[in-house]
Structures are given as C-alpha cells and as structure tokens.
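Working notes, structure below.
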Amino acid sequence: MSGAAGGGGGSSCQGAAAAASCSSAGSPYAAAAGGGAGVAGRLPARVLEHVFSYLELSDLMRCTLVCWHWNNILADENSEVWRSLCNRSLSDESMRSDILCNLPTYRGKLKAYQYALSSHDCSRNVYVKKNGFTLHRNPIAQSTDGARGKIGFTEGRHAWEIWWEGPLGTVAVIGLATKRASMQCQGYLALLGSDDQSWGWNLVDNNLLHNGEVNGNFPQCNNAPKYQIGERIRVILDMDDKTLAFERGFEFLGIAFRGLPKACLFPAVSAVYGNTEVTMVYLGKPLDG
C-alpha cells in the first residue's frame, strides 16, 4: 500500500502540514499556469483530469491553488482524479469493507487515510493493520499501549469515529493527547488522562480522566449504558471553543471536556487487552451547527 495520501514519519500538526502541502508560492504549477492565463490554465477539463489522475495528494492540493479553472475541476470529490488516487493509496480491504461507509466521496476517504492512526507514533506493542485504519494490540502482559493520529489540530472543528473490534479489557480509553503524552506505560492503566497532556473517556467505567484524576462520570445520566463492541463513537473536537464532545449513534452525549489548551491536540486511543483492535476514521468538519 502506498503512503502517498498519509505521509511518512510520525504525527504532525494540521497547521504545519497545511502550510507545507498547500503553499503555491514559487511552485512549478503556478508558474506553468501563469495564474490561470497560460496554456495550462486553458486546457480542456478532460485533458486536465487525465493529467491530474497521475498526481499524488500533495501535488493535487497545490493544484487547487493554481487558478479557478484547476480548482473547479478538482472540486468534484468523486471524479476520476480522486477515484484513481484512492485506488492507488488505499488498501483493497478498506475500500471493500464498511470501514469507510460514512464517507461518500473518494476525496473524503483519502483524507480519512491521511488523518488515520499513526504506525510511527504509537507504542511498540501495537501496529496499524494493512487496511490503514485499524490498530492491533499484541498480547503483551502488564502493559498499556496507545497511538496518536497522524495529524493534530490547533484550530477549527473536527469529527472522527472510533470503535473497538475486540474485548475492551479492564481499561479502554479514547480521547486526545499532545505530542508530549506517553503512548506506553507499565501495568493496566488509563493511559489517556493519566497526565496533564491527555484527556480520555474510559469506555469500561464511563469515567472522564485528565491529569491523573477522575473528572466525573460520562455520559452524565443515571444508569448510562455500557459501550458495546462494534459500536461507533463519534468524537467532536472544537478547537475554537476548546471543547471535546462525544456522540453515540445519532445521540449527542454532551461535552466531556472544556477549557482545552491552545496546543496541537491529536486523536488518541489506549488499550490493554491482547489482540484487541481499534479502528479510527476521520470524518472532517461536523455536520451539525
């Protein structure tokens, strides 16, 4: 599977990634198009689509900034350009299964892969499967193991889905972490929320955790139902209001954390059960108002 859409190395912050991949100043694409007035800027859409279908994601993002004509061609997120890149970048398993069922466009699927859990920014006791979205924890005794997403956020509103595809064990936590938060510790602990660099919801006990302390039950209702394996939890991060909220199904469970710091925050998970698996899919901006 190609790493074209996901990028190499460890996790990065969205602001830095966007600046690196989207700046068109001095690029050969801008020079070739002449701001849209050159020959390349006047090529028929069918010809440009054919050329674009050979480019990788970082090149396509630059192309959207060249001129209105190029941007308009690439605005169709289900075009042959995005379909071709999807087929080259994503695994057959992820395209055939229901992992990406809530993403109707090829461009949305590519973005989900770009923002997926990182195989380079995680505990040594876990790995990301070939589908590119599912984390597998090896059966290591007396260890809690986690992973961060490839890209963190400093601004805007973002949503992603997480679900367990195996037993939760005694601790199973989803939430956020800075780059400084540890992704492995000894024993079976709630790793996310164990320090001031992470925030977590323990799905086993329905507790909120931060700075090594329990911040109350969640959801805040009597006899809140326990998490069921395979159930998709939607995580909603609002970096403008500095809040983290959760949804289950189509039910908004409420805001779990307020007053998040002005820092780069990454989607994160931590698990303790051997051979359990966790899948995360980035959805983009939440649809609600």
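From the phi of every residue in segment 137-152, what ³J(HN,Hα) in whole Hz does the Karplus formula 6.51 cos²θ - 1.76 cosθ + 1.60 yield, where θ is phi - 60° and glycine or proline is x?
Values, residue by residue: 9, 5, x, 9, 6, 6, 8, 10, 10, x, 8, 9, x, 5, 10, x Hz.
Hey, how many Å between the Cα centroid of segment 241-289 and the Cα centroid of segment 165-230?
One Cα centre to the other: 11 Å.
Please work out how much length the chain gains when fully extended from Val204 to Phe250, using 0.36 nm per residue of separation minus the C-alpha to C-alpha distance, in nm with one decimal.
14.5 nm
Grab the Cα-Cα distance for Asn102 and Asn78, subtract it from 0.36 nm times how many residues apart they are, and report the gain in nm with one decimal.
Fully extending the segment from Asn102 to Asn78 adds 7.2 nm.
Kindly write out, for segment 67-76 in residue order, the coupling ³J(HN,Hα) from the Karplus curve 6.51 cos²θ - 1.76 cosθ + 1.60 (θ = phi - 60°), rounded to whole Hz, with x marking Gly and Pro.
Karplus values, whole Hz, x for Gly and Pro: 7, 4, 4, 5, 4, 5, 5, 7, 5, 6.
Using per-residue counts of other Cβ atoms within 10 Å, averaged over each peptide, order 173-180, 132-139, 223-230 from highest down.
Descending packing order for the listed peptides: 173-180, 132-139, 223-230.
Lysines within cross-link reach of Lys242: Cα-Cα under 26 Å, excluding same-chain residues under 8 positions apart?
The reachable lysines, counting only those whose Cα sits under 26 Å from Lys242, are Lys111, Lys150, Lys179, Lys262, Lys285.
Can you give the accessible area per residue of the chain, in Å², using a 1.4 Å probe?
Each residue of the chain exposes 46 Å² on average to a 1.4 Å probe.
Rounded to two decimals, what ratio of Rg to Rh does the chain give with C-alpha atoms and a Kirkwood Rh?
Rg/Rh: 1.01.
Assuming 1.306 mPa s and 10 °C, estimate D for segment 99-250 with Stokes-Einstein, Rh taken as the Kirkwood radius over Cα pairs, in µm²/s.
98
Run lengths n ≥ 4 of DSSP H only: what is the helix-derived mean residue ellipticity at 222 nm for the chain, with -39500 (n - 2.57) per run over all residues, to the nearest 500?
Result for the chain: -5500 deg cm²/dmol, rounded to the nearest 500.
Mean projection of the alpha-carbon convex hull of segment 41-89 over all orientations, in nm²?
2.9
Run the accessible area of segment 118-284 with a 1.4 Å probe and give the carbon-and-sulfur part as a rounded percent.
Ligands and nucleic acids excluded, carbon and sulfur give 47 percent.
Which value in nm describes the separation of the simple spin-label points at Lys129 and Arg232, placed 7 Å from the Cα toward the beta carbon?
1.6
The values are calculated or read from the model by the stated rules, or taken from the named source; none is laboratory data. From a predicted model like this one, the values you see are computed outputs, not experimental measurements. Neighbour counts run over all protein chains shown; Cβ positions are idealised from the backbone, glycine included. Note: accessible area is taken over every heavy atom of the protein model, side chains too, but ligands, DNA and RNA are not part of it. Shrake-Rupley method; radii C 1.70, N 1.55, O 1.52, S 1.80 Å.
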